[in-house]
1. Could you give the nm distance between label points at residue 19 and residue 62, where each point is 7 Å from its Cα heading toward the beta carbon?
2. Which net charge results when you count Lys and Arg as +1 and Asp and Glu as -1 among the other residues whose beta-carbon is under 14 Å from that of residue 22?
3. Given R₀ = 30 Å, FRET efficiency for residue 46-residue 4 by Cβ-Cβ distance, to 0.05?
4. So for 51, 30, 64, fewest C-beta neighbours within 10 Å to most, what's the order?
5. So for 29, 22, 50, fewest C-beta neighbours within 10 Å to most, what's the order?
Amino acid sequence: MDQIKELLNQCKTKAEQVNTLRKYEESERHWYCRKSFLLKNWDDFDESDRHMLECLSTCWANLHFLGSNYPFQGEKIFDFLIILKL
């Protein structure tokens, strides 16, 4: 029973941490999709590398919703997104 409570607390904490990353200008649709991206990949990143996940989620959202291009390091971003199976 204690393990279940601990697991629920971890999930709640993860969701709370992810919710702090919402940007003011994000629409509900953009935030829902970016939040899904963050939650799906959250456990694949250490605490010290979460800033990288946040940047990747923003790049991903910009690629999909705004049609942005990333000319110099775009290949690295695409390779990484493919590794994350997106």
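1. That separation, rounded to one decimal, is 2.7 nm.
2. Summing Lys and Arg as +1 and Asp and Glu as -1 gives -1.
3. Result of the calculation: an efficiency of 0.75.
4. 51, 64, 30
5. 29, 22, 50
Read the figures in this text as sums done on the coordinates, not as results from a lab. In this text the structure is predicted, and so the values were computed from the model without any measurement. Reconstructed Cβ throughout: ideal geometry from the backbone, glycine too, with neighbour counts over all protein chains shown.
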